[in-house]
Amino acid sequence: MKAALHNLGCKVNAYELEAMGQLLEEAGYELVPFEPGADVYLINTCTVTNIADRKSRQMLHKAKKMNPDAIVVAAGCYAQTDQEALEKDEAVDLLLGNNQKKKIVEILEKYRREHRRESRVLQIAGEKDYEELSISRAGEHVRAYIKVQDGCNQFCTYCVIPYARGRVRSRKPGEVRREVETLAANGYREIVLTGIHLSSYGLDLRDGDGGPDLLSLLREVHEVPGIERIRLGSLEPGIITREFALGLKELPKVCPHFHLSLQSGCDRTLIRMNRRYRAGEYALRCALLREVYDNPALTTDVIVGFPGETEEDFQESMDFVDQMDFYETHIFKYSRRRGTKAAVMDGQIPETVKTARSEKMIALHHRHAEEYEASMAGKTLSVLLEEEITAGGETYLVGHSREYIRTAVKKDGSCRVNDIVRVKIQGFWEAHTLVGIVESGAVL
């Protein structure tokens, strides 16, 4: 049996699809490209925006069109939140909700025996157990994303994810370490710890006598030989206390690259969003990281066009983002999600206004990104080489610095993919990519 897999959405989704793919391979399935000719099409869907919903439906229909006799499986968040619609969709044979992905082989085999459409969608809000999935390799050749947490208890007014993913559930530290050890043994040098609400890691595992938290988990995986770099997925600003920041600094494998979710720099908007901080508090958290680390790469998310956001509110948010001097700012236009509080708020913003605000914020992002990258000229950065690229008749090795700046060096035989090298930065190779020379004897 040939199985073709396609992922939509976040790094957590990508990790889960890789884990399902490895379960299928272990059961004897052959993984093939997402093209005509497969017997099974497995789409891990996303529902974070209306566009994500639409893309999920499109990919499901594309799969059935490529092979009408194939088994089409809709898995993940869109399957979880819009079960009724997908049960009526003739392109879909199986629905696989969240916390059911480990059963992919069992469910497929049952379908092949009975040829009966089925929905495996739990009432995710009541789930208390973490669904244990794991990988031994990753789609990237040098870096592996590892899911350590699922669910969210925050209920921001714009967000459907708590309904798609349920409450906070954390993976046991020993299970995380075992997976990291396997990946290290298979040659991976960098890991990224991810989750739906990573800052809540361990909340459900703690009791009156204490228990794990994100910092203790980092200390655990930091001890694994062979892993040279550790990154963190998106964090809530509230986790950045002095104790946490100093704890990170004591772990040299942790990269000085931190993504702190902002969503708006305007307090009035933050209140309507039900975010648990205000702009001034957020600024203090960033200042703490900049006090502990020398020029860390700070990145963030911002939503524009949230219901009720006036021109003054938007300008206040934009001014705050400008003052914070982020390396990267990921901008999203507000997407109305059925079942959330923001969907029924007064003051819904026209799409044309959202687009205009988004374009202004994107221009600001590019300016700050270029300024941060340009500040590295003449400095020496530690770069993990990830791939070969040929351009202009020259072959380059391209990777990322500890700050996650894309960096290129000419291939000269002194280093190869998966080496960590010290690179003296000379300037820009292309937009948002630096170029430099490898310092003599700098392969690590």
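Output the strands (runs of 3 or more DSSP E) that fall wholly within region 371-437 and possess 3 or more residues being open to solvent by 50 Å² or more (accessible area, probe 1.4 Å) and within 22 Å of Pro296 (Cβ to Cβ), or say none.
Values: elements: 380-391, 394-401, 406-410, 420-430.
Here the list reads 420-430.
For region 55-79, what are the residues that are among the basic types (Lys, Arg) and either more than 20 Å from the chain's Cα centre (by Cα) or at pLDDT below 95 (or both)? Walk me through it before giving the result.
Pass one, region 55-79, residues among the basic types (Lys, Arg): 55, 57, 62, 64-65.
Across region 55-79, the qualifying residues are Arg57, Lys62, Lys64, Lys65.
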Cβ pairs under 7 Å, 6+ apart or interchain, first in region 186-212 and under 21 Å from Asn99 (Cα atoms) and touching a residue at least 40 places away in the same chain (Cβ under 8 Å), second hydrophobic (A, V, I, L, M, F, W, C) and in a loop (DSSP other than H, G, I, E, B), ordered by first then second residue, are Ile196/Cys152; His197/Cys152; His197/Val168; Ser200/Val168; Leu203/Val168; Asp204/Val168
Here the residues within region 152-193 that are touching a Pro at 6+ places or on another chain (Cβ under 6 Å) and within 22 Å of Ala75 (Cβ to Cβ) are Cys152
Checked region 232-275 for anything closer than 13 Å to Ser199 by Cα and not hydrophobic (A, V, I, L, M, F, W, C); matches are Gly233, Ser234, Glu236, Pro237, Gly238, Thr241, His259, Ser261
Answer yes if at least one residue in region 228-246 is over 30 Å from Leu364 (Cα atoms) and part of a loop (DSSP other than H, G, I, E, B), and no otherwise.
-> yes
By residue number, the members of region 83-101 that are buried (at least 17 other Cβ atoms within 10 Å of the Cβ) and within 16 Å of Gly166 (Cβ to Cβ) are Leu96, Gly97, Asn98, Asn99, Gln100, Lys101
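I need the full set of residues from region 180-200 which are part of a helix (DSSP H, G or I), open to solvent by 10 Å² or more (accessible area, probe 1.4 Å) and within 16 Å of Leu133 (Cβ to Cβ), in order please.
Applying the first criterion (part of a helix (DSSP H, G or I)) to region 180-200 yields 180-185, 198-200.
If we keep only those that are open to solvent by 10 Å² or more (accessible area, probe 1.4 Å) too, we end up with 181-182, 184-185, 199-200.
Scanning region 180-200 gives a single hit, Thr182.
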Looking across region 281-305 at residues that are out of contact with any helix residue (DSSP H, G or I) (no Cβ under 8 Å at 6 or more places or on another chain) and more than 20 Å from Ser358 (Cα to Cα), the single one that is most open to solvent (accessible area, probe 1.4 Å) is Asp294
Note: among Ala4, Ala91, just one is over 22 Å from Val148 (Cβ atoms), small (Gly, Ala, Ser) and assigned to a strand (DSSP E or B), namely Ala4
**Message:** Quick check on region 18-36. Is at least one of its residues touching a strand residue (DSSP E or B) at 6+ places or on another chain (Cβ under 9 Å), small (Gly, Ala, Ser) and in a loop (DSSP other than H, G, I, E, B)?
**Reply:** no
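Please indicate, with yes or no, whether at least one residue in region 59-82 is in contact with a helix residue (DSSP H, G or I) (Cβ under 9 Å, 6 or more places away or on another chain), surrounded by fewer than 16 Cβ atoms within 10 Å (Cβ to Cβ) and on the phi > 0 side of the Ramachandran plot. Show your work before the answer.
Step one: list which residues in region 59-82 are in contact with a helix residue (DSSP H, G or I) (Cβ under 9 Å, 6 or more places away or on another chain), which gives 60, 70-82.
Adding the requirement that they be surrounded by fewer than 16 Cβ atoms within 10 Å (Cβ to Cβ) leaves none.
Checked region 59-82: no residue is in contact with a helix residue (DSSP H, G or I) (Cβ under 9 Å, 6 or more places away or on another chain), surrounded by fewer than 16 Cβ atoms within 10 Å (Cβ to Cβ) and on the phi > 0 side of the Ramachandran plot.
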Q: Taking Ser317 as the residue in question, decide whether it is among the hydroxyl-bearing types (Ser, Thr, Tyr), over 22 Å from the mean Cα position of the chain (by Cα) and either crowded, with 20+ Cβ neighbours inside 10 Å or over 30 Å from Thr380 (Cα atoms) (or both).
A: yes
For region 113-164 the number of residues that are modelled with pLDDT under 90, outside any loop (DSSP other than H, G, I, E, B) and not basic (Lys, Arg) is 6
Scanning region 327-364 for residues that are free of Cβ contacts under 8 Å to residues at least 40 places away in the same chain, within 25 Å of the chain's Cα centre (by Cα) and part of a helix (DSSP H, G or I), the one farthest from Glu430 (Cα to Cα) turns out to be Ala343
Conditions (1) at pLDDT 95 or above; (2) open to solvent by less than 70 Å² (accessible area, probe 1.4 Å) -> Arg337 fails only (1)
Flagged in region 131-151 as free of Cβ contacts under 8 Å to residues at least 60 places away in the same chain and either open to solvent by 40 Å² or more (accessible area, probe 1.4 Å) or under 20 Å from Val168 (Cβ atoms) (or both), in numbering order, are Glu131, Glu132, Gln149, Gly151
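The values are calculated or read from the model by the stated rules, or taken from the named source; none is laboratory data. Since the structure is predicted, the reported quantities are computational estimates derived from the model, not experimental observations. Reconstructed Cβ throughout: ideal geometry from the backbone, glycine too, with neighbour counts over all protein chains shown. To get the accessible areas, we keep the full protein, side chains included, count just its heavy atoms, and leave off ligands, DNA and RNA. Shrake-Rupley method; radii C 1.70, N 1.55, O 1.52, S 1.80 Å.
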